[in-house]
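Novice: Sharing a structure with you now.
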Amino acid sequence: MTTEDAATIPTKTINIQRATASRINELDFNNIQFGKIFADHMLVVDYKDGAWQTPEILPYGDMMMSPATSAIHYGQSIFEGMKAYRNPEGEIQLFRPLENFKRLNLSAERMCMPEIPEALFMDGLKELLKLDAAWVPPTEGCALYIRPFMFATDDFIGVRPSDTYRFVIFTCPVGAYYGVPLKVAIEPNYARSVEGGAGFAKAAGNYGSALLPARKMQEKGYHQLIWTDAKEHKYIEESGTMNIMFVIDGKLVTPAVSNTILNGITRASVLQVAKDLGYTVEERKVAVDEIIEASQAGTLQEAFGTGTAATIAQIAIIHYNGTDYTLPAIENREISNKIATALDAIKTGQATDTHNWMVKIEA
Ligand code: COI
């Protein structure tokens, strides 16, 4: 069966066990922190004997696992991050969910895990959101963050791909990921990913191995680091858990995606909106020296990270080789501010969705 055939077949019935009481009263919609309170339900589907089993929606809660669960030992664990928004009519809409679905399967392929059928992902997600619709914040700047993930569940400690897996989706209302413009430092030693590695995948291990370098930069007073290429540390790749973009002399410049860089959905959307607004976009290698020289020459006008969690995270200071380079004030950043406003208007249904990015959840 091809992937296309699989996508058109409706998923099996979803067994639903509703939470006996909602916990939504624990949530203060005017003060939502990122990733702390989870909605009432989660979707859980197991893979065994070469097939995905009947999906279940269960009350959000702990999962029992064997200490030998292979994901814990050998890292077959992948995830996605996506968001749902409320439009002015109060309807719920997902931002580009099929892109997350496709990327999850790219990550699955790289980590030697089974493919998830489109119907299983989309039908499960829609059903979950229908049940937990009340958790999508109406508050400006907030959204329902959605975390689909898959991990290996064999209780076996020989090193080989697991025969069994679990796919789960849970959600949590979120506000801003970063509260302030970021101070970031260019990483001269550590690498996030290497040619031929799994840097393009949203694999849990990529995040785990990034924690120590990030912590070391935080101890020096920076929020995050800017990853450089593993061979020479000469070219910029990403910033923290985000893609990175610069405005140099009026042009939007960003590292081209490669097998060492995550193909960000927010990244692609920001570039598309920039083109729609008439800006010049360059996707290419970006040398550290080019950024430092542009800053010294006064042509580095803007720098920001892009990702689902933060959407656009402004960068205030870039540190390199003993010097802090201060960028122009955030309020003067024409391009990223215009893109942020335009993208937000599409997501929240206040602007026409010319690219058909939004997928409505039917009530
Ligand atoms: C995102 O920006 O969506 C990320 O990947 C960060 C996430 C791990 C919280």
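Novice: Inspect region 193-212 for any residue being open to solvent by less than 80 Å² (accessible area, probe 1.4 Å), more than 17 Å from the chain's Cα centre (by Cα) and charged (D, E, K, R) and give the result as yes or no.
Specialist: Among the residues of region 193-212, not one is open to solvent by less than 80 Å² (accessible area, probe 1.4 Å), more than 17 Å from the chain's Cα centre (by Cα) and charged (D, E, K, R), which makes the answer no.
Novice: Here's something else I'd like to know. Looking at (1) open to solvent by 20 Å² or more (accessible area, probe 1.4 Å); (2) over 18 Å from the mean Cα position of the chain (by Cα); (3) under 19 Å from Thr306 (Cβ atoms); (4) of a type outside the set (Asp, Glu), which is the one condition that is false for Gln224?
Specialist: So Gln224 meets the others, but not (2).
Novice: Could you run through region 65-101 and say how many residues are within 16 Å of the ligand (Cβ to nearest atom) and outside any loop (DSSP other than H, G, I, E, B)?
Specialist: 13
Novice: Right, something else. For region 244-268, how many residues meet the condition of being in contact with a Ser or Thr (Cβ under 8 Å, 6 or more places away or on another chain) and farther than 18 Å from Ala191 by Cα?
Specialist: Summing the residues that are in contact with a Ser or Thr (Cβ under 8 Å, 6 or more places away or on another chain) and farther than 18 Å from Ala191 by Cα in region 244-268 gives 12.
Novice: Here is a further query. Quick check on my filter: what residues within region 227-237 are closer than 12 Å to Ile291 by Cα and surrounded by 15 or more Cβ atoms within 10 Å (Cβ to Cβ)?
Specialist: Matches in region 227-237: Tyr235, Ile236.
Novice: Given the criteria at pLDDT 95 or above, crowded, with 18+ Cβ neighbours inside 10 Å and within 16 Å of Lys285 (Cβ to Cβ), does Gly240 qualify?
Specialist: no
Novice: Then there's this: Among the candidates Leu300, Leu277, which residue alone is modelled with pLDDT of 95 or more and either touching a strand residue (DSSP E or B) at 6+ places or on another chain (Cβ under 8 Å) or within 22 Å of Leu144 (Cα to Cα) (or both)?
Specialist: Answer to the selection: Leu300.
Novice: For a quick check of your reading: which strands (runs of 3 or more DSSP E) sit entirely within region 109-210 and have at least 3 residues that are away from the ligand (no atom under 16 Å from the Cβ)?
Specialist: Because the criterion is at least 3 residues that are away from the ligand (no atom under 16 Å from the Cβ), the strands (runs of 3 or more DSSP E) in region 109-210 that meet it are 165-174, 182-186.
Novice: Would you please list the contacts, defined by Cβ atoms under 8 Å and residues six or more apart or on different chains, that run from a residue in region 157-177 that is of a type in the set (Lys, Arg) to a residue that is open to solvent by less than 70 Å² (accessible area, probe 1.4 Å)?
Specialist: Sorted first by the residue in region 157-177, then by its partner, the pairs are Arg166/Val44; Arg166/Val45; Arg166/Asp46; Arg166/Tyr47; Arg166/Met63; Arg166/Met150; Arg166/Phe151; Arg166/Thr153.
Novice: Just wondering, is there one or more residues in region 246-253 that are open to solvent by 10 Å² or more (accessible area, probe 1.4 Å), in the same structural domain as Gly208 (by TED's automatic domain parsing) and closer than 27 Å to Asp353 by Cα?
Specialist: Yes, the conditions are met somewhere in region 246-253.
Novice: Same structure again: Which condition number in (1) within 16 Å of the ligand (Cβ to nearest atom); (2) open to solvent by less than 10 Å² (accessible area, probe 1.4 Å); (3) β-branched (Val, Ile, Thr) is the one that Ile291 fails?
Specialist: If we test Ile291 against (1) within 16 Å of the ligand (Cβ to nearest atom); (2) open to solvent by less than 10 Å² (accessible area, probe 1.4 Å); (3) β-branched (Val, Ile, Thr), just (1) comes out false.
The values are calculated or read from the model by the stated rules, or taken from the named source; none is laboratory data. Note that this is a predicted model, so its numbers are computed, not measured. Counting neighbours? That spans all protein chains shown, and the Cβs are built from the backbone with ideal geometry, glycine included. Accessible surface is based on the protein model in full, side chains and every heavy atom, while ligands, DNA and RNA are left aside. Shrake-Rupley method; radii C 1.70, N 1.55, O 1.52, S 1.80 Å.
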